[in-house]
Amino acid sequence: MDKNNKIPLSDEQQAEQQIPVGDTQPFEHTPGEDRTIAFEAGSQGSTDSVDDILEDDTMAGWEEETVAVNVEDPGSDEEEQPVDEDAPDEAKPEEDVMPPLKRRNPFKRVPKRVYHRGRLFSLAYVLVTVTMCVFASVMFLRVFNDVLAFITDNRAITISIDESDTTDDVAAKLKDAGLIKYDWLFSYVAKFEGTVAPYEPGEHTLNDNMNYMELLNEIEKKKTVRETVQITFIEGLDIDEIAALLEENNVCDADDFIKEVGSGSDYGFDFEDEISHSSDIFYPLEGYLFPDTYEFYTNSAPADVIVKMMGNFQNKIDTVQELMTEMGLTQHQTITLASIIQAEASGDPENMKLVSSVYWNRLNDAENYPMLQSDPTRDYANSVILMAGKNSENQRKASLYNTYECTGLPAGPICNPGMDAIMAALQPESTAYYYFCSNTKTGEFYYAETLQAHEQNVDQIN
């Protein structure tokens, strides 16, 4: 094929080879050399030189094309030979194949708004998913804890069940009392376990730390008739003595009763807020189990006994609230002092008020009489506290109850006083006595203002 033969170019190719007209000069080139020409898509021409265009900072949107430019040899005068389109393929002159156009845009930027929108959407999706998972987990744990009572308060609550109450009625009562949170779930569990109404009518003392099955077992209707027993607790009994009486009458086990007393449960009474739970106290409920005559079911839960006795105490203490305020005593101080008076002069209201005057005189003259020196407090320290174990902690507590070792009132009550002793503590006689003693055989009391007179009374008794 003749090298000088030229292939006719299309109008579009001819336009691309034209050099823009303007102030710029045509640039020299070598025939057959590839040239890279920068042009703006859709532009018809430019008056800027190539160097200016390449250096221009505003070339965003420009594209580059590498094209093969076949420039005619200036020395050739031969005319361009027409090509017969109808000629056979082998007779057609060989066409020069142009290399593919290389188009790229190094200045093209990714739209930032699209990128940010995608990232925010992903972040929102993650947050929604995490929130839903956390919510589902919390709800599951709440339901799980309500059924099994893993993390609950130690609070005793009494509810009353009627003979006609259905399972849903009982579930609603348990929810209203704060023992459960989901009454519908309790009803479902009761029906699933086959423990449905009727339940045992009457009052039931339950606890927050009971799970669904324990609650159902407590209120389940008993198949046998329960026997009742009547017990009279005289004034001045301590908790160990009360526990022994309960076991003796088949109400509950003594050890179980003492364990319940020391559990720190909240039984729902207003006066409980003023019960001391200091580490110095041996029995927190000592003094608050009001002595009286009670009727209990045999084989009762210890909490049922405590609730009944503390309910009686609540009724009694409400009547002396104003007197405690007038005397400047707290409830704990009142019951502690009353327990000492009860132990010293049990069953003798007149002597209770005189004994009370002795202790009040000493409390008001602590500089000269720092210790109350009450024999019953020493007995309680030795026969109750130290009998439970002579470890270092019990020895420390015993010294805080023994008024021959501690100053002022002991750490807590030493027995459960009756109303006469409580009133004597709040309304003592007005005397100048600082000492007293009594004849245990005759029950007679002797009072003295001085130590010398007291020693004479002791000698007289002996």
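Tabulated data for the structure shown
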quantity: Residues in the stretch 294-320 that a label on Gln230 would reach, taking backbone N under 13 Å of a point 7 Å out along Cα→Cβ; calculated: 294-296
quantity: Overall form of the stretch 269-417 per C-alpha gyration tensor (a/c, 1.5; a/b vs b/c); calculated: oblate
quantity: For Phe290, Phe192, order by how many other beta-carbon atoms lie within 10 Å, fewest first; calculated: Phe192, Phe290
quantity: Alpha carbon convex hull of the stretch 331-381, volume per residue in cubic angstrom; calculated: 83
quantity: For Pro302, net neighbour charge (Lys/Arg +1, Asp/Glu -1) across residues whose Cβ lies under 12 Å away; calculated: -4
quantity: Shape category assigned to the stretch 156-219 from the gyration tensor of Cα positions, a/c cut at 1.5; calculated: rounded
quantity: Net lengthening on full extension, His277/Asn364 (0.36 nm per residue, minus Cα-Cα); calculated: 28.7 nm
quantity: Estimated FRET transfer efficiency (Thr330, Lys221; beta-carbon r; R0 60 Å; 0.05); calculated: 0.85
quantity: Contour excess over end-to-end distance, with Cα ends at Val128 and Lys390 and 0.36 nm allotted per residue; calculated: 88.2 nm
quantity: Spin-label proximity, Phe269 to the stretch 224-250 - amide N less than 20 Å from point 7 Å beyond Cα toward beta carbon; calculated: 230-247
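Laboratory data are not the source of any read-out in this text; all were calculated from the coordinates shown. Note that the coordinates shown come from a computational prediction; the quantities given were computed from them, not determined experimentally. Neighbour counts are summed over all protein chains in view; Cβ atoms, including those assigned to glycine, are modelled from backbone coordinates with ideal geometry.
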